[in-house]
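The values are calculated or read from the model by the stated rules, or taken from the named source; none is laboratory data. Here the structure is a predicted model, which is why all the values come from computation and not from measurement. Here the Cβ is made from the backbone with ideal geometry for all residues, glycine too, and neighbour counts use every protein chain on show. Ligands, DNA and RNA are excluded from the accessible area calculation, which covers all protein heavy atoms including side chains. Shrake-Rupley method; radii C 1.70, N 1.55, O 1.52, S 1.80 Å.
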Amino acid sequence: MKAFALCCTLMVSGATLTLAHAQTTVPPAAAPAAAPSGLYAALGEQAGIDRLVDDFVERLVRDPRIGPQFKDTKPAALKESLAEQFCVLSGGPCTYHGGTMREVHADMEINKGDFNALVEQLQRAMDAQGIAFRQQNRLLALLAPMHRDIITRH
Ligand code: HEM
């Protein structure tokens, strides 16, 4: 029930974000321009993001609902990509070197439950890092629209 509510909140904020983005004139590939100001600092800059992602990936692989999907994944490589992605999304001075969300997750048959489980673990990891609720929501709102590329099993 909790997961369902979370999913829908995220979907709504995702839709809102898309709309806001469509109405703004931004150059292509200007992801940092869409980042809420101060989010990178609120996440603790690079060191904070590294700590967050470390804990997040440990939680993901231990989660009985989705952990098995990471059995062939090298945690260090995933952590590096996620840290770059969160850094870019939050407006930090980084470059993301990984694949697009659509390419990377294409053959994983990810459903809404899987997506929500991952978001739940990210929230726990952010709580554990002492990241304020409002800042958590800012990061989640940036990730939410990705459900369109990641969820392939309906
Ligand atoms: C907002 C949600 C998500 C985000 C932001 C996200 C982000 C990422 C990123 C950045 C990578 C690394 C890409 C690369 O290095 O090229 C990745 C890989 C991966 N993701 Fe996701 N992901 C999300 C949801 C999910 C979900 C729900 C699952 C499954 C339950 C999942 C399973 C995986 C797996 C297994 C890999 C590793 C692929 C490999 O070993 O090469 N992801 N994800």
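Summary of computed values
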item: Solvent-accessible ranking of Y40, Y96, largest area first, probe 1.4 Å; result: Y96, Y40
item: Hz values of 3J(HN,Hα) by residue in the stretch 53-68 - Karplus curve (6.51, -1.76, 1.60), Gly and Pro given as x; result: 5, 4, 5, 4, 5, 4, 5, 4, 5, 8, 6, x, 6, 10, x, x
item: Cut-off 12 Å between beta-carbons: net charge of the residues surrounding L118, Lys and Arg +1, Asp and Glu -1; result: +1
item: Total formal charge among the other residues, if their Cβ is under 14 angstrom from that of A144, Lys/Arg +1 and Asp/Glu -1; result: +1
item: By accessible area with a 1.4 Å probe, ligands and nucleic acids excluded, highest first: order of M146, M108; result: M108, M146
item: Computed accessible area, D149, all protein chains, 1.4 angstrom probe, square angstrom; result: 50
item: List C94, C87, ordered by accessible area with a 1.4 Å probe, largest first; result: C94, C87
item: Per residue convex hull volume, Cα atoms of the stretch 49-148, in Å³; result: 99
